[in-house]
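Read the figures in this text as sums done on the coordinates, not as results from a lab. The shown structure was predicted, so the numbers you read here are calculated from the model rather than taken from an experiment. Positions of Cβ are backbone-derived with ideal geometry, glycine not excepted, and every protein chain shown enters the neighbour counts.
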Amino acid sequence: MSDLEEIAPATYKIEKQGNMQVPGLVIATKEILSAQDIDKPLEQVRNVATLPGIVGYSIAMPDIHWGYGFPIGGVAATDAEHGVISPGGVGYDINCGVRLAVVKEKFSSLSKKDREKLLKSIFSKVPSGVGGSYKNSKGLSESDYIGIFKNGSKWSIENGFGLKEDLQCTESHGRIGSADIEAVTKEALMRGKNQLGTIGSGNHFVEIGAVSTLYDKAVAKAWDIEEDDTYILIHSGSRGFGHQVCQDALNEFTRAGLGKHLVDKQLIAAPINSELGIKYFKGMAAAANYAFNNRQCILHAVRLSFSEILGIQQKEVRLIYDVCHNIAKFETYEINGELKKLCVHRKGATRAFGPGAEELPDMYKTTGQPVLVPGDMGRASHLMVGLGNPMTFCSCCHGAGRFMGRKKSSDVWAGKDPVEHMKTLGISVMATSVKTISEEMPQAYKDVDMVVKACQEAGLANMVAKLKPCLVIKG
């Protein structure tokens, strides 16, 4: 960390060295930087800075940890005409993301019996775990896939899985353009065939709890959010479909001999306007639209459970927003006094547009975009509002970030009962395996309060509300 220079509150610069085309930028507090070994992730920040066509900074968010090629919590923008696009800058779980819904029913008014019924109902309706899928379903047809790729999450709504109002509360209205079935393999289509509406494994989840604290009451009022409202947080992505799209692209890039001169082979990339670059973007867009539909279908299942168990109408489970975590998007920013179209890679980072951003629906144009920051299942998650900081290409953190690897967390809980421990914290957890719960225990993550504080101090987003979990389904 000796080469980190603090240039603003919670903002550190890594000067250009070696083959770096741009400096590095790290959003963090001294407390975060000293709390974990971040030498390897910072090395990845420097490596990303060597990519052809990169502009501005190679950026790390306060939830940074080591990832494939790019660090998780990494942001980089490349020139849309002369730069490259890197699958490692998006990740394997394309459009892994989060959506938040709120119910005006006060969480404290729900009986323990109803809470447990609700948890079991959702667990029965939404498959989870490694390979989790709908076993007795015909699955998606080719025409279904074409509809998903063309229309994004509008496809789910037109097929009865959601409300038309959901679209305006989804990033990019639930659709990334250019998706093309011809850009994905049959293997990818087969892997995703029965997985729409499923959580998946690892850190994916459905979480229900109470809005516990309001920090910005004016913004909360504009969004019609009050203390003790019941919230639903859904974290999932493009499942096996997106994983295969990423792997297929990496294989094609390797066969084409790309990335030979990169400092890290995992940063392999193609010129954005090359045949392979265009094909990858089309496949990535297809996976992104699959993920939007996946979260849309999960929310539909959650709404059904709220209706069946609590008698709450589906329209009363109101979507606040849905954001992407792993995505590359074309956006325009001022670079050296000139407006330029850029390919912004966000890997384990979320967009955080401020007030007035053109893409935002009218309801968020005056406040700025909702930014969703899940923490861990024992402490809290956060709702923030974007400030549109151009230094980070209007990006913010995507979660608490791992502090401890999955194996180490499992070792800590070997021979213990993590489910019973969570009950002592007032939290009921269900998963397909105890191993998953052991890997996802609270101590495996950074303190999300520290992470969002760093983002606020750096001027990326402001805290609006704290969310306290109580019912959790883990992948």
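Cross-link partners of Lys341 among lysines, defined as those whose alpha carbon lies under 20 angstrom from its own and excluding same-chain residues fewer than eight positions apart: Lys279, Lys282, Lys329.
Along region 152-161 the Karplus relation, 6.51 cos²θ - 1.76 cosθ + 1.60 evaluated at θ = phi - 60°, assigns HN-Hα couplings of x, 6, 4, 4, 4, 5, 5, 9, x, 10 Hz to successive residues, with x for each Gly and Pro.
Scaled against 2.2 N^0.38 Å for its residue count N, the alpha carbon radius of gyration of the chain is 0.91. Approximating the spin labels as points 7 Å out from Cα along Cα→Cβ, the Leu304-to-Lys112 distance works out to 3.0 nm. Per-residue Karplus couplings for region 262-270, computed as 6.51 cos²θ - 1.76 cosθ + 1.60 with θ equal to phi - 60°, are listed in order as 7, 6, 9, 4, 6, 8, 3, 8, 10 Hz, Gly and Pro entered as x. Each peptide in 39-46, 244-251 gets a packing score, the mean of other Cβ atoms within 10 Å over its residues, and the list from highest to lowest is 244-251, 39-46. Residues whose amide H comes within less than 5 Å of that of Ile320, counting only those at least five positions distant or on another chain, are Leu100, Ala101, Val102 (H built at 1.01 Å from N in the peptide plane). For the pair Ile335/Glu359, report the inter-label distance in nm, with labels modelled 7 Å from Cα in the Cβ direction. Modelled inter-label distance: 1.7 nm.
Of all lysines in the structure, those lying under 30 Å Cα to Cα from Lys416, and not within fewer than 8 positions of it along the same chain, are Lys112, Lys113, Lys117, Lys120, Lys125, Lys407, Lys408, Lys435, Lys446, Lys466, Lys468, Lys474.
Could you calculate the contour length gain from Glu182 to Lys260, that is, 0.36 nm times the residue separation minus the distance between their Cα atoms, to one decimal place in nm?
Taking Glu182 through Lys260 to full extension adds about 25.3 nm, to one decimal.
Couplings 3J(HN,Hα) for region 61-69, derived from phi with the Karplus relation 6.51 cos²θ - 1.76 cosθ + 1.60 (θ = phi - 60°), are 8, x, 8, 4, 7, 4, x, 7, x Hz, where x marks Gly and Pro. Partners of Lys365 within straight-line reach, counting lysines whose Cα lies under 19 Å from its Cα and excluding those fewer than 8 residues away in the same chain: Lys217, Lys221.
Counting Lys and Arg as +1 and Asp and Glu as -1, each charge on the Cβ, what is the dipole of the chain about the Cα centre in debye, to the nearest 20? Can you show the working numbers first?
Details: 55 positive and 53 negative charges, 258 e Å.
Dipole about the Cα centre, nearest 20: 1240 debye.
Residues whose amide H comes within less than 5 Å of that of Ala270, counting only those at least five positions distant or on another chain, are Ile85 (H built at 1.01 Å from N in the peptide plane). Net charge of the neighbourhood of Val263, taken over other residues with C-beta under 13 Å away and scored Lys/Arg +1, Asp/Glu -1, is +1. Packing here is the average count of other Cβ atoms within 10 Å per residue, and on that basis the peptides 287-299, 210-222, highest first, run 287-299, 210-222. Normalised by the number of residues in the chain, the mean separation of alpha-carbon contacts (under 8 Å, six or more apart) gives a relative contact order of 22 percent. Farthest toward the positive end of the dipole of the chain, out of Cys397, Leu372, Phe306, is the Cα of Phe306, where the dipole comes from beta carbon charges about the Cα centre. Charged neighbours of Lys13, selected by a Cβ distance under 14 Å, balance to -2 (K, R count +1; D, E count -1). Across region 63-82, no residue has a backbone nitrogen under 12 Å from the label position 7 Å along the beta-carbon direction of Ser274. Label-to-label distance for Lys217 and Asp411 is 4.9 nm, based on points extended 7 Å past Cα in the beta-carbon direction.
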